[in-house]
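The structure appears below as C-alpha cells.
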Amino acid sequence: MRPQDALPSWITNVLEIDKLSVSFQGTHEEYNIRREQARSIQHAKHSEYLKARDRQSDRKASSHNDSLVPIVELNNVNVTSLDGKKILSNVDWIIHKGEKWGLTALRPNGSGKTTLLAILVGDHPQAYSNPVRLFGHRRGEVGVSIWDIKDKIGFVSPEFHMHFTSRIARGHIGESEKPATTLFDAVCTGFRSGDNAALKLTQSQIDAASRIIKEFGMVDVKDYPFAKLSMGEQRVGLIMRALVKKPQLVIMDEPFQGIDEDTMTMLQAWMEREFENGQQGLVFVSHHQEEMPRFLEKFIKLADGKRVE
C-alpha cells in the first residue's frame with residue numbers, strides 16, 4: 001500500500017518501508033497521527049505556495065487574453081443508462097485554454113466521473129445528443145472527426161492502462177509486420193490517435209520521445225518490452241505517452257496509481273515546471289488530496305452524477 005491509501009479498520013499495526021529501510025513501526029492509531037501531522041505540514045507549504053502564485057498571477061494577468069478561449073463547453077449535460085438510471089444530471093462545465101482543473105468525487109464509485117471523462121475525450125455516444133463543444137466544435141459536426149478531437153488530447157487512466165497493455169501484449173498496436181512492443185514504442189503512440197502511431201515518426205517526434213524518457217529517468221528500460229515492465233513503470237510510460245506531443249488538453253485520471261512515492265514526487269515536480277506557466281489545459285483526477293498538483297487553479301466535485309462544487 002502507498003502512504004496516502006486508507007488503511008482498513010481491522011489493521012492493528014503498521015510497518016512502513018522507505019528507501020529500503022524501516023521508516024515507521026507502530027500501531028494503526030500512531031500511524032494515523034503521524035500521517036495527519038505530515039499532511040498538516042504539506043498543507044501549510046501548499047498554502048504558502050498558493051499565496052506566492054496568486055501574487056505572481058496578478059502581475060501576469062494582463063498578458064493572458066487568449067486564456068479566455070473555451071476548449072471544453074458542457075451546458076446542462078444529462079446522461080442516462082440503458083435502464084433509465086441517471087448517470088449525469090445537469091452538468092455545466094467550461095474549461096478555458098490553459099486552465100488547470102482538479103476533479104474529485106465524494107465517493108470512488110457512482111459519482112459519474114468516468115462518464116464525464118468519456119464525454120471530454122469524445123468517447124461517449126451521448127455526447128452527440130448533448131450540448132457539448134470540444135475545441136470549438138459540436139460533437140458530430142460535419143467535417144470534424146473523433147480523431148480530430150483526440151489529436152488535441154493526452155489521456156491516461158487505470159482503464160486505459162488495462163486496455164493498452166492487453167493490446168500491446170497481443171501485438172495489436174502498430175502494423176502486423178512491425179507491432180509496437182517497447183516502452184519507446186508505447187510513448188510514441190501518443191503522437192497520433194490511431195494504433196499505428198508508433199510508425200513513420202519524424203525526427204522531431206523521435207527527439208521529443210527520447211527527451212521525455214530521459215527526463216523521467218526511464219532510459220535504461222526504453223527498449224524493454226512494455227508488457228514486461230512493472231505496473232508502476234507501465235503507468236509512467238503511459239503518462240509520458242499522454243504528455244509527449246504537448247496536447248492542448250491533458251486528462252489524467254488517477255495517474256499515480258501503482259507508482260511509488262519518490263516517482264510521484266518526481267512527476268509532480270516535472271508537471272509543475274511544464275504546466276504552471278504554459279498554455280496546456282489540465283484535468284487531474286484523484287481521490288487523494290496529496291496527489292493533486294499544487295498548481296491546480298480550479299476544482300470540480302461530483303456526487304451522484306451532479307456537480308456539487
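Values in this text are rule-based calculations from the coordinates and carry no lab data. Model, not experiment: these values are computed from the prediction. Cβ sites come from the backbone with ideal geometry, for glycine too, and all protein chains shown count toward neighbours.
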_Quick one: 3J(HN,Hα) in Hz for region 143-157, Karplus 6.51/-1.76/1.60 with θ = phi - 60°, rounded, Gly and Pro as x._
x, 10, 8, 4, 6, 4, 5, 5, 4, 9, 10, x, 9, 8, 7
*asked:* Using Cα springs under 10 Å in a Gaussian network model of the chain, which residue among Gly26, Gly154, Gly258 shows the largest mean-square fluctuation?
replied: Gly26
*Using a cut-off of 13 Å between beta-carbons, work out the net charge of the residues near Lys301 (Lys and Arg +1, Asp and Glu -1, Lys301 not included).*
+3
_At 0.36 nm per residue, and after removing the present C-alpha to C-alpha distance, how many nm does the segment from Arg170 to Glu272 gain when stretched out fully?_
33.2 nm
*asked:* Give the aspartates and glutamates reachable from Lys228 as a straight Cα distance under 16 Å; neighbours fewer than 8 places away on the same chain don't count.
replied: Asp185, Asp220
*Only helical DSSP H runs with n ≥ 4 go in: add -39500 (n - 2.57) per run for the chain, normalise by residue count and round the 222 nm mean residue ellipticity to 500 deg cm²/dmol.*
-11000 deg cm²/dmol
_Estimated inter-spin distance, Asp83 and Asp18, nm [label 7 Å along Cα→Cβ]_ = 4.6
*What order do you get for 114-126, 130-142, 6-18 when each peptide is scored by the mean count of other beta carbon atoms within 10 Å, highest first?*
114-126, 130-142, 6-18
_Cβ neighbours within 10 Å, averaged per peptide: list 282-294, 223-235 in order, most packed at the top._
282-294, 223-235
*With 27 Å as the limit, write out which pairs from Lys245/Lys301; Lys214/Lys298; Lys222/Lys245 have Cα-Cα distances beyond it, or answer none.*
Lys245/Lys301; Lys214/Lys298
_Total charge dipole magnitude, the chain, about the Cα centre, Cβ charges on Lys, Arg, Asp, Glu only, Debye to nearest 20_ = 660
*What residue among Lys298, Lys113, Lys150 shows peak mean-square fluctuation when the chain is described by a Gaussian network model with Cα springs under 10 Å?*
Lys298
*Run through every distinct alpha carbon pair of the chain and return the Kirkwood hydrodynamic radius in angstroms, one decimal place.*
21.1
*Added length on full extension, which subtracts the Cα-Cα distance from 0.36 nm per residue, Lys152 to His288*: 46.2 nm
*Once you've got the GNM for the chain with C-alpha springs shorter than 10 Å, pick whichever of Asp220, Asp148, Asp92 has the biggest mean-square fluctuation.*
Asp220
*asked:* Explain nothing, just the number: relative contact order of the chain, from Cα pairs under 8 Å at least 6 residues apart, as a whole percent.
replied: 23
